[in-house]
1. For the stretch 82-125, how many residues are open to solvent by 30 Å² or more (accessible area, probe 1.4 Å) and part of a helix (DSSP H, G or I)?
2. Mind telling me which of the residues K5, K29 ends up being modelled with pLDDT of 95 or more and among the basic types (K, R)?
3. Which of the residues spanning the stretch 1-47 are of a type in the set (A, V, I, L, M, F, W, C) and open to solvent by 50 Å² or more (accessible area, probe 1.4 Å)?
4. Contact list please: Cβ distance under 9 Å, first residue in the stretch 104-123 and over 17 Å from K158 (Cβ atoms), second residue assigned to a helix (DSSP H, G or I) and hydroxyl-bearing (S, T, Y), pairs at least six apart or on different chains.
5. Of all the helices (runs of 4 or more DSSP H) wholly in the stretch 129-220, which have at least 3 residues that are farther than 22 Å from N102 by Cβ?
6. Looking for something buried (at least 16 other Cβ atoms within 10 Å of the Cβ) and under 24 Å from I178 (Cα atoms) - is there at least one such residue anywhere in the stretch 48-61?
7. Which residue pairs have Cβ atoms closer than 8 Å, lie 6 or more positions apart in sequence or on different chains, and pair a first residue in the stretch 47-60 that is under 14 Å from Q34 (Cα atoms) with a second residue that is open to solvent by 40 Å² or more (accessible area, probe 1.4 Å) and at pLDDT below 95?
8. What pairs come out if I take residues in the stretch 171-184 that are open to solvent by 80 Å² or more (accessible area, probe 1.4 Å) and pair them with residues that are hydroxyl-bearing (S, T, Y) and in a helix (DSSP H, G or I) whose C-beta lies under 7 Å away, six or more apart or interchain?
Amino acid sequence: MYRIKNSKHLASVINYTNLNNMISEAEMKEFLNQAKEMNFNAVTINPTYVPLASEILADCDTKVGSVVGFPLGCENTESKIAEAKSLIENGADEINAVINLNHVASEKYDLIEEEAKLLKETVGDKTLKMIIESKILEDEQKANIVIRLEKAGVDYLKTSTGFVTPNHIYEIVNDINIFLKYAPKTKIEIYDGIDIWKMTHQVLTAGADIVASNNGYEIVSKYKELRENTQIKPKPITLKK
């Protein structure tokens, strides 16, 4: 059983996410300051605000993550590589790249592996996460994809862009089981509508390494309120001799 030690520990396994394409700079600053307050593992944001995030989060441990080939993943590999390079130059620590689902439909898994390998060579010692959009895939497709992604040396397998209907917890656990079986050396990030700390705990217990959530601030705040800020005075107990 996975054990969440305290709110700091909980924040350290959450990637606070905001991929809203209509967010103002003032709203993004508020989001980033929330991330800084909680000291999340990372933020995941659109490329526009990567330089701003790098500036605001410079003096804390929260990493800056952004997206490539988002949300469809159907760009050519050269375009994705150029995006990744630009993000790193602007201060990104983590690259979240969407696989080309056209290749999945055509069972061209070798092309998925080749693209992932080139992206990993591009990002170097930065973190590469490949998003597979597992909700719309069959289990056999997921297995074939993650086998190739592990061969390519990616750092994380990520389940979703967040643009597909969130999974049921049992479907999430099924995905984790597939990843653990067919790509046991690669870390797992779940991004599937997780909005309460109990569900976060369930997903981590199932074997995920990181949980991504748009509701990261609320998750940690609620945990602190329920588990750390509630003072309960026990009633006196008389023990019989």
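The values are calculated or read from the model by the stated rules, or taken from the named source; none is laboratory data. Source: prediction; values computed, not measured. When we count neighbours, we look across all protein chains shown, and the Cβ atoms used for this are built from the backbone with ideal geometry, even at glycine. Just so you know, the surface numbers come from the protein's heavy atoms only, side chains and all, with ligands and any DNA or RNA stripped out. Shrake-Rupley method; radii C 1.70, N 1.55, O 1.52, S 1.80 Å.
1. Qualifying residue count, the stretch 82-125: 19.
2. On the way: K5 fails: modelled with pLDDT of 95 or more.
Residue meeting the stated conditions: K29.
3. Residues of the stretch 1-47 of a type in the set (A, V, I, L, M, F, W, C): 1, 4, 10-11, 13-14, 19, 22-23, 26, 28, 31-32, 35, 38, 40, 42-43, 45.
Selection gives M1, M22, A26.
4. L111/T77; E114/T77; L118/T77
5. Working: elements: 139-152, 169-182, 197-206.
Hits in the stretch 129-220: 169-182, 197-206.
6. No, the stretch 48-61 has no match at all.
7. none
8. none
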